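Asks: Can you read through this structure? Questions will come right after.
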Amino acid sequence: MNNMTCGTGVELPFLIRPENTARYEDGEVLILDRRVYPFEVKFVRCKGYRDVAEAIRDMVTQSGGPPFCAGYGMAQAAREARGRSSEGILEELERAAKCLIDTRPTNNGIILMTEKMLDVGRNAVRNGHDVENALVQAVNAEFEARHKRGLAIGENGASLLRDGDSVLNHCWAESGIVYTVYVALQQGKRLTAYCSETRPYLQGARLTADALCDMGIETTVITDNMPAYLMSRGMISKFFTGADRVTMDGSVINKIGTFQIAVSAHYFGVPFFAFCDGPDPKAPTAADVVIEERDPNEVLHCLGQRTATPLAKGYYPAFDVTPAEFVSAIVTDRGVFSPYSMVSYWQ
């Protein structure tokens, strides 16, 4: 990939590089295990698309990672169907798409990627091309497109930052925050960052904090119950998060905990900016989005260690909904939009 280093000599961090998200090798998909990073750099080896689906479901990869893993999983389905009739290949691709889509319902990135790969596969079958190779090349092209889209998002996000800003991040916003910082550094802006730890998988403490430190940003990790206090002391200039889905009415669906921080930010006058590739035209409101509820036991553990009394039970909605009234703007590759004007993204 080109342009991985900005003019200041700052490189994109380890986590955002394509080969450190997932890669395809001789029919196997290697996925960086984000559950253990940065303490270990370990790749989970998936021999077939069902293994990829299990890895996505088990949180081996998160945020922007699952769509690319699912894309490579579609290539595995084509490899598995090699030698079958055209109808047999298409049936296997459709079976794989359903398997991969069913892993995590809230983030529609998996849906969009698998639907796109289904089209690629159909075209390859129709034209008599190597379906597996066509799909692998298509996923590789999507990585390049993500880089270009990330730069565009970064340009728009950096326009919201002032020299000396202190930015609070929740969870792991993948390319949105990384590219915003990347561009801001090119512009010579000095930044500091606070990362809420983001229980129970600690994506903020492990992933976001690692990526920002990797880029030379002074970064402080805080627990999930500290943001309002920091805002009350004037320690936070901006609140940034990704968005697993933005609906057409401007609702932001993101990692659980986003809503309560957004309410605090609204109270203290701290702008809240959510980053996404664009609103979902198939989701008019948050009621049209399935909120994933994960195994309650995940709340009772952290990094493999039981953290709650064995007498208690857990509850784990993985995402929450922040209404438009608490969102200052939505940052996309096409510009910065009011949450009340999401329809203009598609015009």
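Here's the yes/no breakdown for (1) under 30 Å from Ala287 (Cα atoms); (2) outside any helix (DSSP H, G or I); (3) outside the structural domain of Gly71 (by TED's automatic domain parsing):
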| site | (1), (2), (3) |
| --- | --- |
| Glu92 | no, no, no |
| Ala96 | yes, no, no |
| Leu112 | yes, no, no |
| Lys116 | yes, no, no |
| Asn123 | no, no, no |
| His129 | no, yes, no |
| Ala134 | no, no, no |
| Gln137 | no, no, no |
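Asks: Now a separate question. Which residue is farthest from Thr208 (Cα to Cα), if the candidates are limited to the stretch 68-92 and must be buried (at least 24 other Cβ atoms within 10 Å of the Cβ) and without any contact (Cβ under 8 Å) to a residue 60 or more places away in the chain?
Replies: Once the filter is applied, the top-ranked residue is Ala78.
Asks: Could you go through the stretch 304-320 and let me know if any residue there is within 18 Å of Ala265 (Cα to Cα), touching a residue at least 24 places away in the same chain (Cβ under 8 Å) and hydroxyl-bearing (Ser, Thr, Tyr).
Replies: No.
Asks: While we're on this one: What residue, of Val52, Val60, is assigned to a loop (DSSP other than H, G, I, E, B), surrounded by 23 or more Cβ atoms within 10 Å (Cβ to Cβ) and in contact with a strand residue (DSSP E or B) (Cβ under 8 Å, 6 or more places away or on another chain)?
Replies: Checking each option against the conditions leaves just Val60.
Asks: Please go through the stretch 218-236 and pick out each residue that is of a type in the set (D, E, K, R) and touching a Gly at 6+ places or on another chain (Cβ under 8 Å).
Replies: Within the stretch 218-236, Asp224 is the sole residue that qualifies.
Asks: What are the residue pairs meeting all of these: first residue in the stretch 225-240, first residue on the phi < 0 side of the Ramachandran plot and in contact (Cβ under 8 Å) with a residue 24 or more places away in the chain, second residue surrounded by fewer than 17 Cβ atoms within 10 Å (Cβ to Cβ) and part of a helix (DSSP H, G or I), Cβ atoms under 6 Å, and 6 or more apart or on different chains?
Replies: Close Cβ pairs satisfying both conditions: Met231/Phe268.
Asks: If you don't mind, another one. Taking the stretch 335-345 as the region of interest, how many residues are surrounded by fewer than 16 Cβ atoms within 10 Å (Cβ to Cβ) and outside any strand (DSSP E or B)?
Replies: So the count comes out to 5.
Asks: Is it true that Pro310 is out of contact with any Ser or Thr (no Cβ under 9 Å at 6 or more places or on another chain) and either on the phi > 0 side of the Ramachandran plot or modelled with pLDDT of 95 or more (or both)?
Replies: Yes.
Asks: Look through the stretch 18-60, keep the residues that are touching an Asp or Glu at 6+ places or on another chain (Cβ under 9 Å) and among the basic types (Lys, Arg), and return whichever of them is farthest from Leu100 (Cα to Cα).
Replies: Filtering first and then ranking leaves Lys42.
Asks: Hey, which of the helices (runs of 4 or more DSSP H) in the stretch 184-302, taking only ones fully inside, have at least 1 residues that are over 30 Å from Val343 (Cα atoms) and not aromatic (Phe, Trp, Tyr)?
Replies: 209-214, 227-232
Asks: I'm trying to understand the selection: among the residues of the stretch 98-110, which are surrounded by 23 or more Cβ atoms within 10 Å (Cβ to Cβ) and more than 21 Å from Pro281 (Cα to Cα)?
Replies: Within the stretch 98-110, Leu100 is the sole residue that qualifies.
Asks: Next question. Can you find, within the stretch 1-25, the residue that is nearest to Gly216 (Cα to Cα) among those that are among the polar types (S, T, N, Q) and modelled with pLDDT of 95 or more?
Replies: Across the stretch 1-25, the extreme among qualifying residues is Asn20.
Asks: Scan the stretch 178-206 for residues that are among the hydrophobic types (A, V, I, L, M, F, W, C), in contact (Cβ under 8 Å) with a residue 40 or more places away in the chain and within 23 Å of Tyr229 (Cα to Cα) and jot them down.
Replies: Leu202
Asks: Here is a follow-up. Filter the stretch 291-312 down to residues that are surrounded by fewer than 11 Cβ atoms within 10 Å (Cβ to Cβ) and over 24 Å from Tyr37 (Cα atoms) and give me whichever is farthest from the chain's Cα centre (by Cα).
Replies: The selected residue is Leu311.
The values are calculated or read from the model by the stated rules, or taken from the named source; none is laboratory data. As the structure is a computational prediction, the values presented were derived from the model and not from experiment. Virtual Cβ from ideal backbone geometry, glycine too; neighbours counted across all protein chains shown.
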